[in-house]
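To start, the structure under review is shown below, and the notes come after it.
The values are calculated or read from the model by the stated rules, or taken from the named source; none is laboratory data. Keep in mind that what you see is a predicted model, and the values were worked out from it rather than measured. As a convention, Cβ positions derive from the backbone with ideal geometry for all residues, glycine included, and neighbour counts pool all protein chains shown.
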Amino acid sequence: MCRLVIITGLSGAGRTEAMRVFEDLGYFCVDNLPPELVPKFAELIQKGSEVRGAALVIDMRGEAFFGDWQSSLEALTSENVLHQTLFLEADEETLIHRYQLSRRRHPLETENLGLVEAIRHERHAMMDIRGKADVVIDTSNLAARQLRRRITEVFRLDQVESGLRMRIVSFGFKHGLPKDSDLVLDVRFIPNPHYVEALREKNGNDVEVERFVFSSAVALETLSRFIDLIDYLIPQYQQEGKPQVTVAVGCTGGQHRSVVFANHLAKHLEELGLRVSLEHRDVERT
């Protein structure tokens, strides 16, 4: 059976770069296909046994987009087509900067609708699609190689049957939430190693910091409850068919407590036999 991936999201968020990655992964790629043609395209590729994977880039060109989009997804589901949706987004400042550099017009920009308003209109209009996407990637701070790695981890053709991938990310709330997270866990109430002079310049990967964090009974109880919650949610995500779930663990700066907790959650999930990737987003930041 051919694997079908629909690439969509905000204009300027990296759909074209994503399509290049899918081409390198061996997918047959089509850019800017109208949503109403998706079921017919899926029917054609299912007949061609030599096509293992196909990726479609679809963007918003009008209000009719949404009705056609919903109808197309329902048709794919009813025909038992193996399909997933990848939604790419970026923050407003990043999108503005990219358009200024490229000197291209936003597809929704008109004489009466400037760039900022067009970006905001598109983001609002696509909120429902984002909510139903299987994978969401925020490209605001991603280099091209990082986007390539994220896509490859989830969509490699030889991983179609390998099940759920868990992505654990530690972060600092003062640097902003990871926008592509499915579940956010807050550990700011745990005693902070930052206020211990001997630990301030270390991070959660250091044994001394880990020992300090788990010298608190609250920290141990919290970890146990987080594990119970994630263990409960995993079968629900699997039943939904999500290929990847991102769990973000945050403390104030993203250097101590969140790193410790993320490490332990990742280890637990690996022991369950799940595919796990671990990132410490803010561990080097000040």
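If I filter region 92-121 down to residues being acidic (Asp, Glu) and modelled with pLDDT of 90 or more, which single residue comes out as farthest from residue 73 (Cα to Cα)? Among residues in region 92-121 that are acidic (Asp, Glu) and modelled with pLDDT of 90 or more, the one farthest from residue 73 (Cα to Cα) is 93. Among the residues of region 104-125, just one is in contact with a helix residue (DSSP H, G or I) (Cβ under 6 Å, 6 or more places away or on another chain) and of a type in the set (Asp, Glu), namely 109.
Here are some residues: 219, 262, 248. Which one is touching a Pro at 6+ places or on another chain (Cβ under 9 Å), of a type in the set (A, V, I, L, M, F, W, C), closer than 30 Å to residue 84 by Cα and at pLDDT 95 or above?
Matching residue, one of 219, 262, 248: 248.
Each residue in region 83-103 was checked for being closer than 21 Å to residue 19 by Cα and touching a helix residue (DSSP H, G or I) at 6+ places or on another chain (Cβ under 9 Å), and 10 pass. Checking each residue in region 107-135 for being closer than 25 Å to residue 178 by Cβ and assigned to a loop (DSSP other than H, G, I, E, B) picks out 126, 133, 134. One residue stands out among those in region 192-208 that are under 20 Å from residue 168 (Cα atoms) and free of Cβ contacts under 8 Å to residues at least 60 places away in the same chain: the one that is surrounded by the most Cβ atoms within 10 Å (Cβ to Cβ), which is 206. Among the residues of region 1-27, those that are farther than 12 Å from residue 57 by Cβ and either assigned to a loop (DSSP other than H, G, I, E, B) or hydrophobic (A, V, I, L, M, F, W, C) (or both) comprise 1, 2, 4, 10, 12, 25, 26. Residues of region 174-190 that are without any contact (Cβ under 8 Å) to a residue 40 or more places away in the chain and under 18 Å from residue 264 (Cα atoms): 189 alone. The single condition among (1) within 12 Å of the chain's Cα centre (by Cα); (2) exposed (fewer than 14 other Cβ atoms within 10 Å of the Cβ) that residue 189 does not satisfy is (1). Among the residues of region 166-186, those identified as farther than 16 Å from residue 14 by Cα, buried (at least 19 other Cβ atoms within 10 Å of the Cβ) and under 14 Å from the mean Cα position of the chain (by Cα) are 166, 167, 168, 169, 178, 181.
Considering 148, 211, which residue is modelled with pLDDT of 90 or more, within 30 Å of residue 26 (Cβ to Cβ) and surrounded by fewer than 19 Cβ atoms within 10 Å (Cβ to Cβ)?
Answer to the selection: 148.
Which one is modelled with the lowest pLDDT, of the residues in region 13-62 that are charged (D, E, K, R) and closer than 27 Å to residue 109 by Cβ? Going through the qualifying residues, I end up with 61. Across region 95-131, the qualifying residues are those that are under 23 Å from the mean Cα position of the chain (by Cα) and without any contact (Cβ under 8 Å) to a residue 60 or more places away in the chain, and the one among them that is farthest from residue 9 (Cα to Cα) is 97. One residue alone among 23, 43, 17 is within 17 Å of residue 81 (Cβ to Cβ) and surrounded by fewer than 21 Cβ atoms within 10 Å (Cβ to Cβ), and that residue is 43.
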